[in-house]
Amino acid sequence: MPTADEIVRAAVEILYEQGLDAVSMRTVAARLGVSPVPLYSRVGNKEALLDAVADTVLADVAPAHEPGEAWQDYTVRWASTLRDRLTTIPDIRRLLSLHRSSLVPAATALVATLRDEGGFGGRGAIEAVQLLSWATIGYAVLGHPPDEQPRRGPSTVTRDQADHLFDLHIKYLVQGLERDRPRTG
């Protein structure tokens, strides 16, 4: 009988190979050469499996804050690192819409840096991370074409253009946060 970790690893492999629609208890069981029935006792239902998949593919996404690193520089690096990871995950938009709590550890790291290094109050740090997260997720989901060819339809942005716009957006967000940050006190 496979362990919960083996089940989740198999589901992650299927996600990367075939996409989110292919991840099911049946396909994971087939990959592991077992019946689907015992998988439920190890990981719960499909929703629990997808939660575990999301947690796995987003584990350790937040970079460590370097000693002496300005909160502004860390924030830009945090957003870039998150976007880079998100763009490698198939069907990330759907996976995140089902399992948003998987980003909590990454968000917590940035909240702490904004409070400790940036002088943000607790609520201000949380709101700043929400703004940065939404911008980052948006660019990962919508603003990152898979190749250099412009998209058809409403977006005709190449990857290079999307990268430039993302960098600009995060820069402007950080500048605005620096100017307007709600301070502790």
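Net charge near residue 43: determine it from the other residues with C-beta under 13 Å of the C-beta of residue 43, scoring Lys and Arg +1 and Asp and Glu -1. Write out the running numbers ahead of the final one.
Numbers: positive: 9, 42, 46; negative: 5, 6, 47, 51, 55.
Around residue 43, the charge tally is -2.
Expressed as a whole percent, the accessible area of the chain that falls on carbon and sulfur atoms is 52 (1.4 Å probe).
Solvent exposure of the range 34-95 amounts to 49 Å² per residue of accessible area, where only protein heavy atoms count and the probe is 1.4 Å. The H on the amide N of residue 120, modeled in the peptide plane, is under 5 Å from the matching H of 115, each at least 5 residues off or on a different chain. Counting only Cβ charges, +1 for Lys and Arg and -1 for Asp and Glu, the dipole size of the chain around its Cα centre is about 540 debye.
For the range 1-156, what is the Kirkwood hydrodynamic radius in Å, using each pair of distinct C-alpha atoms?
Numbers: mean 1/r = 0.0583 Å⁻¹.
With all distinct Cα pairs of the range 1-156 included, I get 17.2 Å.
The values are calculated or read from the model by the stated rules, or taken from the named source; none is laboratory data. These numbers were taken from a predicted model, which means no experiment stands behind them. Glycine also receives a Cβ, built like all others from the backbone with ideal geometry; neighbour counts cover every protein chain displayed. When the accessible area is computed, the model is the full protein with side chains, heavy atoms only, and any ligands, DNA or RNA have been set aside. Shrake-Rupley method; radii C 1.70, N 1.55, O 1.52, S 1.80 Å.
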